[in-house]
Structures are given as structure tokens and as C-alpha cells.
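The values are calculated or read from the model by the stated rules, or taken from the named source; none is laboratory data. Source: prediction; values computed, not measured. Heads up: the accessible areas ignore ligands, DNA and RNA and are worked out on the full protein's heavy atoms, side chains in. Shrake-Rupley method; radii C 1.70, N 1.55, O 1.52, S 1.80 Å.
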Amino acid sequence: MRRYSAEILAYLLGRGVKAVVVACNTSTAHALDHLRAHAPVPVVGVIEPGARAAAAASRSGKIGVIGTAGTVASGAYERAIKAVRPDATVISAACPLFVPLVEEGWFDHPAAELIAREYLEPLRRAGVDTVVLGCTHYPLLKPLLQRVLGGVRLIDSAEETATEVVKELAARGLAAAAQRKPEHAFVVSDDEPRFRKVGERFLGEKLKRVSVVPLG
């Protein structure tokens, strides 16, 4: 994971980017420190912003974290939450089948609800009042997760990270002019047709510029 992430960083730096967001929770958990040590630009991960938001939002201190097996096994969210709220109790659950469900568009499929109830039962039993969505795919399941979990607060790490990036760019004088129209370009390492299909599901619009750049 670290080597693959480093190759992506090198490619982006070669394109002259002014900042990098490690938008993958697993990459953040396993490679963020390495990437920061080798980047001349700000590198922002998704775990610390999500952890801070969860620690601030929870009234009871019982916080759930759901993510891929790699993210959960790393313990990165638990460490980040306890760094800002030492009294917190963190209950983590790996939910690997959520990713293919999202990529198939099965956001409200009966099978998705059965799987969600199975995965989330430990969090329900523990009485968490806040749950971190520790994977980029999971926010698309928000209505289902809210229905299964009841009145808990769902923390979208992506939203919290976007806020963090705005602050970072402003603090370094790197923010673009407000009136400047953004241009979006997408680069993938393989399977460009599948990326288009899934990406359009995420963004709700056609992806115009997608190119393939194989990595080592």
C-alpha cells in the first residue's frame, strides 16, 4: 500500500499539484506519514478530520467506526479519536461487502439491509451515539445506515476532510480565486470503463476527462 501510494504521489507531483488529499481511508491509515515526509506540498488524509468530528459530536463518548478490513485492522481511527478524546470508547466493525454493494448501486436493496444489520449489530449493542463512515463508498449508504442504526450521528470523513483542505489552503495562501471555474480531470491505473460507471454514480454526472496511467 505504501509503495503504491508513493507512486501515485510522484505522478501527482509531476503534474504540478499544489496539495494532495489522500481520499482513501486505507491509504491514509498505512501511508500518510510516509507521503507527508516525501511531499513538498500539503498532504491531507481523511482519518484525523473524521476522528476530530466524531470526538466532538459524541455525547456519551461511545463512538463506532466502520471501514474496510485494512482500515479497521490498522487501529488508526481509534488512535486518532483517543488522541483528542482519551475517555472515548471506540467500537470498530469491518464492513467489506459494503464496497461492492455501492459499486453495484444496491443502496436500498434487501440484501444490503440484511448485510448492514449483521455488520452493525455490535455497534447497536454497544450503544454508540456516533459512527464514523470510514470508507469513501459508505456515504452513499447513509439512508440505509441511518435506518439500521437509528438516531446516531453519522460522520462523513470526506466532508470533514474537505473542510480541512479549505483551511489548509487558506492558511498557506494557496486558495484559488473564488470566481475561478474548476476543471476536473480523472486519472486511473486500470479499468477505465468501470471507473466511469462507478464515478458517475458517486458524482451524479458524466465524467468528461478520464485517462489511464499504469503504475509500476
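Which percent of the accessible heavy-atom area of the range 1-145 goes to carbon and sulfur, probe 1.4 angstrom? Let's see the in-between values first.
Values: 3830 of 6680 Å².
Carbon with sulfur: 57 percent of the solvent-accessible area.
How big is Rg to Rh over the range 23-62, alpha-carbon atoms, Rh as the Kirkwood inverse-mean-distance radius? Display every interim value, and only then the final one.
On the way: Rg = 12.6 Å, Rh = 11.4 Å.
In the range 23-62, Rg relative to Rh is 1.11.
Under the rule of -39500 (n - 2.57) per DSSP H run of 4 or more residues, summed and divided by the residues of the chain, what mean residue ellipticity at 222 nm is obtained, to the nearest 500 deg cm²/dmol? Before the final figure, lay out each step's value.
On the way: 10 runs with 110 residues, N = 216.
Value at 222 nm, helices only: -15500 deg cm²/dmol.
Each residue of the range 26-35 in order: what ³J(HN,Hα) in whole Hz does its phi give by Karplus 6.51 cos²θ - 1.76 cosθ + 1.60, θ = phi - 60°, with x for Gly and Pro?
5, 5, 4, 5, 9, 10, 4, 4, 5, 5
Going by accessible area, probe 1.4 Å, with all protein chains left in place, what is the ranking of H109, H38, largest first? Walk me through the numbers before you get to the answer.
Details: H109 70, H38 120 Å².
The residues order as H38, H109, largest area first.
Keeping to pairs on different chains or 8 or more places apart, tell me how many lysine pairs in the range 103-216 have Cα atoms under 19 Å apart.
On the way: K181/K206; K181/K208; K197/K206; K197/K208.
The result is 4.
Report, in degrees rounded to the nearest 10, the 0 to 90 angle that the Cα long axis of helix 157-171 makes with the longest principal axis of the chain.
Value to nearest ten degrees: 40.
Suppose we keep just the DSSP beta bridges with both residues in the range 1-159; what percent of those would be antiparallel, to 5? Let's see the in-between values first.
Numbers: 0 of 18 bridges.
Of those bridges, close to 0 percent are antiparallel.
Specify the inter-centroid distance of the range 7-30 and the range 73-126, based on alpha-carbon positions, in whole Å.
First find each Cα centre; the distance between them is then 25 Å.
If you project the alpha carbons of the range 81-216 onto the principal axes, what extent comes out on each, in Å, largest first?
Extents along the principal axes: 47, 38, 33 Å.
As a test of the definition: which semi-axes, in Å, follow for the range 1-124 when you take the square root of five times each eigenvalue of its alpha carbon gyration tensor? Largest first, please.
Details: eigenvalues 161, 84, 25 Å².
They are 28, 21, 11 Å, listed largest first.
Any idea what diffusion coefficient the range 82-145 gets from Stokes-Einstein, in µm²/s, Kirkwood Rh on alpha carbon pairs, 4 °C, 1.567 mPa s? Can you show the working numbers first?
Values: Rh = 12.7 Å.
The estimated diffusion coefficient comes to 102 µm²/s.
Could you pull the Cα extents of the range 1-73 along its three principal axes, largest to smallest, in whole Å?
Principal extents (largest minus smallest coordinate, Cα): 46, 24, 16 Å.
Running a GNM on the chain with Cα contacts under 10 Å, which residue among R125, R117, R196 ends up with the highest mean-square fluctuation?
Evaluated over the chain, the most mobile residue of the options is R125.
What number comes out for accessible area per residue over the chain if the probe is 1.4 Å? Units Å², please. Before the final figure, lay out each step's value.
Working: 11760 Å² over 216 residues.
On a per-residue basis, the chain sits at 54 Å².
Can you pull a Stokes-Einstein diffusion coefficient for the range 145-207 at 25 °C (0.890 mPa s), Rh from Kirkwood over Cα pairs, as a whole number of µm²/s?
Working: Rh = 15.3 Å.
This corresponds to a translational diffusion coefficient of 161 µm²/s.
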